[in-house]
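Peer 1: Structure provided below as structure tokens; questions to follow.
Just so it is clear, none of the values below were taken in a lab; they were calculated from the coordinates. None of these values were measured; they are calculated from a predicted model. In this analysis, Cβ positions are derived from the backbone assuming ideal geometry, glycine residues included, and neighbour counts consider all displayed protein chains.
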Amino acid sequence: MNGYSQDSTNTAGLFEGKVTYIHQILNPNKGLISDEEFFRDMPNAGKSIVTLYIKANQYKWEYEDRIEYYNPKNQQLSIISKRVLDSIYYTPASLVEEKVEKIVKSNLTKKLLGYELNAQEIHTKWDTKTFFFSPLALKTNPTFWKNHKYNYLSEMTAIAKTFPLIIHHQSLLGNWIMAATKIEPMKIEDTIFRLTNYK
């Protein structure tokens, strides 16, 4: 399956390239369990590397256990398991997993990779995701993602007009944070998005 690229005239000034993040699982309750106990049996103290490839209106997230590719031609997500051979799950990106109850501009600020970051919180009944972003980094066109409800990308990009540099997820099922460690602007070849590479 080949990727689908937007007309290049619509992508001037938008980010194309590779972003490396560190994903860190967080201790959900330090009052109940110490960090030492929580991370004791966890590989690499709960840390893993995540890579994001962005090209116009398509992307690919590569996690330790899976790959998530968004194909704009059919507005569909392909989720490929790295642990179960030949296991690919397809879902419409427009499918609402959890209804957004409110979106709040956060007072939190951070500095990362030389950028001053603002934040917005997206709340559902079960979780809160805080997205930290800079208007100067990872710029995108929000119209590319207006129907992309998976991981709240449509809501996030409508406000930020960028991809996030930090994502902090909090829920009863577990907390984690993902922060960019390296931004590499580069031309991304369409072969990066070929699912046949993972079969």
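Peer 1: Given Cβ point charges of +1 (Lys, Arg) and -1 (Asp, Glu) and nothing else, what value in debye, to the nearest 20, does the dipole of region 119-176 about its Cα centre take?
Peer 2: 180
Peer 1: Along the charge dipole of the chain, Cβ charges K/R +1 and D/E -1, which of V50, S81, T91 sits furthest on the positive end?
Peer 2: Result: T91.
Peer 1: Next question, about the same structure. Would you work out if region 95-199 is rounded, prolate or oblate? Take a ≥ b ≥ c from the square roots of the eigenvalues of the alpha-carbon gyration tensor; rounded if a/c is under 1.5, else prolate when a/b is larger than b/c, oblate otherwise.
Peer 2: Oblate.
Peer 1: Quick one: net charge of H23's neighbours, Cβ under 9 Å, K/R +1, D/E -1?
Peer 2: So the surrounding residues net to 0.
Peer 1: Further question on the same structure: Karplus couplings for region 182-195 from phi (6.51 cos²θ - 1.76 cosθ + 1.60, θ = phi - 60°), rounded to Hz, Gly and Pro as x?
Peer 2: 7, 10, 10, x, 6, 6, 9, 6, 4, 4, 4, 9, 7, 5
Peer 1: Moving on to the next point. Per-residue HN-Hα couplings for region 52-68, Karplus 6.51 cos²θ - 1.76 cosθ + 1.60 at θ = phi - 60°, whole Hz, x for Gly and Pro?
Peer 2: Once θ is set to phi - 60°, the couplings for region 52-68 become 10, 10, 10, 9, 6, 9, 9, 8, 9, 9, 10, 9, 4, 10, 7, 10, 10 Hz.
Peer 1: Karplus couplings for region 42-51 from phi (6.51 cos²θ - 1.76 cosθ + 1.60, θ = phi - 60°), rounded to Hz, Gly and Pro as x?
Peer 2: 9, x, 6, 6, x, 9, 8, 9, 10, 10
Peer 1: Another one. 7 Å from Cα along Cα→Cβ at both W176 and K102: what's the point-to-point distance in nm?
Peer 2: Output for this residue pair reads 2.7 nm.
Peer 1: Of K47/K99; K102/K182; K73/K99; K102/K129, which pairs sit farther than 21 Å apart, going by alpha carbon to alpha carbon?
Peer 2: K47/K99; K102/K182; K73/K99
Peer 1: Hey, another quick one. Given the rule -39500 (n - 2.57) for each run of at least 4 DSSP H residues, summed and divided by the residues of the chain, what is its mean residue ellipticity at 222 nm, to the nearest 500 deg cm²/dmol?
Peer 2: -1500 deg cm²/dmol
Peer 1: When the gyration tensor of the chain is built from Cα positions, what are the square roots of 5 times its three eigenvalues, in whole Å, from largest to smallest?
Peer 2: Over the Cα atoms of the chain, the ellipsoid semi-axes are 27, 21, 17 Å.
Peer 1: Given a Förster distance of 22 Å, report the FRET efficiency between T191 and R83 from their Cβ-Cβ distance, rounded to the nearest 0.05.
Peer 2: 0.40
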